[in-house]
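For reference, the structure is listed below as structure tokens.
The values are calculated or read from the model by the stated rules, or taken from the named source; none is laboratory data. Note that the coordinates shown come from a computational prediction; the quantities given were computed from them, not determined experimentally. Glycine also receives a Cβ, built like all others from the backbone with ideal geometry; neighbour counts cover every protein chain displayed.
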Amino acid sequence: MKLISTSTRLLAVFGDPIEHSLSPAMHNAAIADLGLDYVYLAFHVRESQLAAALGGVRALGIAGVNLTIPLKQSALSLVDELAESAAGAGAVNTVVNESGRLIGHNTDSEGFVASLREDLGLTPSGLRVCILGAGGSARGVSVALARYGAASVVFAARNLERAEALTELISRLRPECAASAVSLTDRHGLRRVLESSDLLINSTPVGMTTNTDDPIEIEFERLPAGACVADLIYNPLKTVFLRQAEMRGYRTMNGVGMLAHQGALAFELWTGIKPNVQAMRQSLLDCLTRG
Ligand code: NAP
């Protein structure tokens, strides 16, 4: 790592809680790999303090920040300008400080698409996708998949109202992508959806190390042979959901690739330099396997 001096530029992540964030390790690995004069730190910022913290970004000339739970939505109205990626995803995960003007971006969705290519060799074009959940990441991922030409997206959720709201959003933004919703309790409906899905994505927190909910019951065998299964979760690296899919012969990917790629895209927005995604991914794997 370069010695910190008066010319060192600051990057950071804001969130609440923040102590488990892997972003400092991942970004400092990229900075070290390139020998850049930057440092990336983590700050515990409560939602009520986000406006003040973003004021600090302007006042101190911090080059850019990532935002994580629960700040991604609140930032929509606090930045000076929204890039299309953030407006579409309805969330800001990356803020770029352009001479005191804060531009809100979202790199999570593009990160997922990049990971899909790298980990599964899949491009969204023509894909029939089923997404479990209808929260923030379901929105971001579905908007990106639809933008890149997915043939259809079905939101399978316990809260049908949220799923229907996402269906309307996709139909408005990308009418050529057939969007629909199904309740997780509608076994028959869900079975039909699985039978015509090329890609099944878990976008719920069920299966995370810190989550104690019962697994969502999925009849994986209904998926066509050759279908792929993705989990946005990266801790643990292999969720019960992915294990079950693998046991039935489906190719799978976890959330590490999405995390590494969203970070790499943010890094490029801040510095103008494409970082080594593999170095970032490796630093994540090191953290996750160290526990
Ligand atoms: P979110 O906005 O809170 O949405 C979570 C969704 O999961 C909601 O639709 C929620 O339903 C549903 N859900 C929660 N518990 C459930 C259960 N027991 N059964 C059925 N549905 C359930 O969260 P998010 O921001 O989308 O994040 C979701 C997951 O994605 C997290 O595990 C997060 O770590 C992961 N993620 C990963 C990355 C990455 O880079 N790899 C990036 C972003 C997020 P209700 O609406 O009914 O509550």
Scan the range 244-255 for residues that are in a helix (DSSP H, G or I) and surrounded by fewer than 20 Cβ atoms within 10 Å (Cβ to Cβ) and jot them down. 244, 246, 247
Inside the range 137-166, the number of residues satisfying the requirement of being within 13 Å of the ligand (Cβ to nearest atom) and in a helix (DSSP H, G or I) is 15
Please go through the range 199-220 and give me each residue that is surrounded by 11 or more Cβ atoms within 10 Å (Cβ to Cβ), of a type outside the set (D, E, K, R) and more than 6 Å from the ligand (Cβ to nearest atom), ordered by number. 199, 200, 201, 202, 207, 209, 211, 215, 218, 220
Could you tell me whether the range 257-268 includes any residue that is more than 16 Å from the ligand (Cβ to nearest atom), assigned to a helix (DSSP H, G or I) and over 22 Å from residue 190 (Cα atoms)? yes
Return a yes/no flag: does the range 39-58 have any residue that is touching a residue at least 12 places away in the same chain (Cβ under 8 Å), assigned to a loop (DSSP other than H, G, I, E, B) and out of contact with any Asp or Glu (no Cβ under 8 Å at 6 or more places or on another chain). no
For the range 56-65, does any single residue satisfy the condition of being closer than 19 Å to residue 264 by Cα and out of contact with any Leu (no Cβ under 6 Å at 6 or more places or on another chain)? yes
Any idea which of 171, 183, 196 is small (Gly, Ala, Ser), assigned by TED's automatic domain parsing to the domain that holds residue 149 and within 27 Å of residue 121 (Cβ to Cβ)? 196
When (1) within 13 Å of the ligand (Cβ to nearest atom); (2) assigned to a loop (DSSP other than H, G, I, E, B); (3) more than 17 Å from residue 179 (Cβ to Cβ) are applied to residue 134, the one that fails is (3)
Count of the range 221-233 residues which are crowded, with 21+ Cβ neighbours inside 10 Å and in a loop (DSSP other than H, G, I, E, B): 4
